[in-house]
Amino acid sequence: MKLSEIHYSNKFDDLNSQLKNFINQEKHVIFIDSKLSSIINLDPKFKIFEIEINESTKDLNTIQKIWKIMFSESLDRSSKIIGIGGGVLSDLVGFATSTFKRGANLSLVPSTFLGMVDAAHGGKTGFNNEFGKNQIGTFFIPEKIFICTEFLDSLSEIEMNNGIIESLKAGFLGDKEIIEMIYQDKLNNLEVIKKSIQVKYNILKNDLRESNERMFLNLGHTIGHLIEKDSNYSISHGQAVAIGMLKGFEISESKFNLNSSISDEFKSFLNKRSMKTEYSFNSNQSELKEIISNDKKVTSDVVKFVLIKNIQEPVLIDFSINHLLEVLTNA
Ligand SMILES: NC(=O)c1ccc[n+]([C@@H]2O[C@H](COP(=O)([O-])OP(=O)(O)OC[C@H]3O[C@@H](n4cnc5c(N)ncnc54)[C@H](O)[C@@H]3O)[C@@H](O)[C@H]2O)c1
């Protein structure tokens, strides 16, 4: 399976040159998160369309707008369609491109840390509807991904944390040097980004459609999603996943004798970044059960749960939902 070709840069000027070379006067459109127009000056010769981005515009309505632009610009399958933005924009442009004329030519420029290390890679696209988040989507690998670290300069601390936690997750799954670099605050280091992507690509090359190893990437996410929903999304994704990973490490300590220094060091790191290490649920057990049953990774009453036996040794275990909820609510 062919994964994306990645181009790196540290400055917007270099990114502009890379895009210019790639577009090479061919038919193209660039969709950009409207908040980024004051952050980056793109070459005025590019065909640029701003899209208003937030989790509530991640819907079919915005997909329709994107398709409309593709048709009004008379794009065809070989036209270059480029999305510049965080995970919301890349999921939307990815979905619209994967379905436009049964799949056109997609490239992404992730503008958040989370996008650079995670959301732009691996081909998951989608949007939200009344049945939940990302319930409609496709697998569609972008041809090229352009990563420019100058985007990180304008990110809020919460957005940085969202990416840092995904990067740490990659470290726990497949590369302990990522953890060391992040704990030493080497965050703008392209190495952290490159290594995090490598962990994800090593997993994806065997299991793009998430039937087996790709589920490892859910480390911290089963509990994380539960926390996000229970808090009515007042807790950020990174914060929720961080608590989810910590809980997972605690379970791994009792199940596999995982050394407690791993969760101790992770807790100190979270404290240093003023992130929480605990969460008390508002919903009762049956409400939580209802939430967790809607998770895409749940079949009947069993959830596929990711633990680690050690750093770089993830395992997938079947956990009954009732048992998981007992652990979480200490019932
Ligand atoms: N497809 C995947 O594999 C995958 C993986 C993880 C997450 N996701 C999806 O990604 C989304 C979350 O992505 P995200 O965290 O990048 O969120 P996002 O795209 O909503 O961006 C977060 C916020 O930062 C702003 N922003 C973007 N770049 C900026 C910059 N350089 N400077 C300042 N502000 C900037 C955005 O306008 C937005 O307000 C979710 O919808 C999630 O479902 C997808």
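Considering only Asn330, Phe305, Ser274, whose Cα is most displaced toward the positive end of the charge dipole of the chain, charges sitting on Cβ of Lys, Arg (+1) and Asp, Glu (-1)?
Phe305
How big is the charge dipole of the chain about its Cα centre, in debye rounded to the nearest 20, if each Lys and Arg gets +1 on its Cβ and each Asp and Glu gets -1 on its Cβ?
920
Taking the Cβ of Ile243 as the center, what net charge do the other residues with Cβ under 14 Å away carry, scoring Lys and Arg +1 and Asp and Glu -1?
+2
Which whole-number value in Å³ per residue fits the convex hull of the alpha carbons of segment 158-329?
Roughly 108 Å³ of hull volume per residue.
How many nm separate the modelled label positions at Val302 and Glu253, each set 7 Å beyond the Cα in the direction of the Cβ?
About 2.8 nm, to one decimal.
Going by the alpha-carbon gyration tensor, a ≥ b ≥ c the square roots of its eigenvalues, is segment 87-151 rounded (a/c under 1.5) or, if a/c is not under 1.5, prolate (a/b greater than b/c) versus oblate?
The shape class here is oblate.
Quick check on the exposure proxy: order Arg77, Arg102 from fewest to most C-beta atoms within 10 angstrom.
Fewest to most other Cβ atoms nearby, the residues stand as Arg102, Arg77.
Cut-off under 14 Å on the C-alpha distance; same-chain residues fewer than 8 positions from Lys45 excluded. Which aspartates and glutamates are left, in chain and number order?
Cross-link targets: Glu26.
So how long is each side of segment 27-72 along the principal axes, counting just the alpha-carbon atoms, biggest first, in Å?
Extents along the principal axes: 30, 25, 9 Å.
In degrees, nearest 10, range 0 to 90: what is the angle between the Cα axis of helix 190-204 and the longest Cα principal axis of the chain?
So the helix axis and the longest Cα principal axis differ by about 80 degrees.
Work through the residues other than Gln312 whose Cβ is under 11 Å from its Cβ and net out their charges, Lys, Arg +1 and Asp, Glu -1.
Around Gln312, the charge tally is -1.
When the helices in the chain are scored as -39500 (n - 2.57) per DSSP H run of 4 or longer and the sum is shared across all residues, what 222 nm value do you end up with, to the nearest 500 deg cm²/dmol?
-13500 deg cm²/dmol
For segment 93-234, rounded, prolate or oblate, judged on the Cα gyration tensor with a ≥ b ≥ c (square roots of eigenvalues), a/c < 1.5 rounded, else prolate if a/b > b/c?
The shape class here is rounded.
May I ask which of Lys2/Lys309; Lys229/Lys276; Lys176/Lys200; Lys80/Lys133 have a Cα-Cα span longer than 22 Å here?
Lys2/Lys309; Lys80/Lys133
Nearest 5 is fine: what % of DSSP beta bridges in the chain come out antiparallel, could you say?
Rounded to the nearest five, the antiparallel share is 35 percent.
Going by amide H atoms built from the backbone, whose H comes under 5 Å of the H on Lys124, apart from near neighbours?
Phe140
To the nearest 10 degrees, how steep is helix 260-272 against the longest Cα principal axis of the chain, on a 0 to 90 scale?
The helix 260-272 is inclined about 50 degrees to the chain.
Take the alpha carbon atoms of segment 5-155, find their radius of gyration, then divide it by 2.2 N^0.38 Å using N residues; give the quotient.
The reported ratio for this selection is 0.95.
Among Phe46, Phe151, Phe95, what is the fewest-to-most ranking by other Cβ atoms within 10 Å?
Phe46, Phe151, Phe95
I need the calculated FRET efficiency for the pair Glu313 and Ser37, taking r as the beta carbon distance and R₀ as 41 Å, to the nearest 0.05.
0.35
Tell me the angle of helix 237-256 to the major Cα principal axis of the chain, expressed in degrees between 0 and 90 and rounded to the nearest ten.
For helix 237-256, the angle is close to 40 degrees.
Is the shape of the chain rounded, prolate or oblate, going by the alpha carbon gyration tensor and its root eigenvalues a ≥ b ≥ c, with a/c under 1.5 for rounded and a/b larger than b/c for prolate?
Prolate, since a/c reaches 1.5 and a/b exceeds b/c.
Just to confirm my numbers, what's the Cα centroid distance between segment 30-87 and segment 214-267 in Å?
34
Exposure proxy check: Lys169, Lys35, Lys68, Lys124 ranked by fewest other beta carbons within 10 Å?
With the sparsest Cβ surroundings first, the list reads Lys68, Lys35, Lys124, Lys169.
Each reported figure results from applying straightforward, stated rules to the coordinates on display, with no laboratory input. Values in this document were obtained by computation on a predicted structure and should not be read as measured data. When we count neighbours, we look across all protein chains shown, and the Cβ atoms used for this are built from the backbone with ideal geometry, even at glycine.
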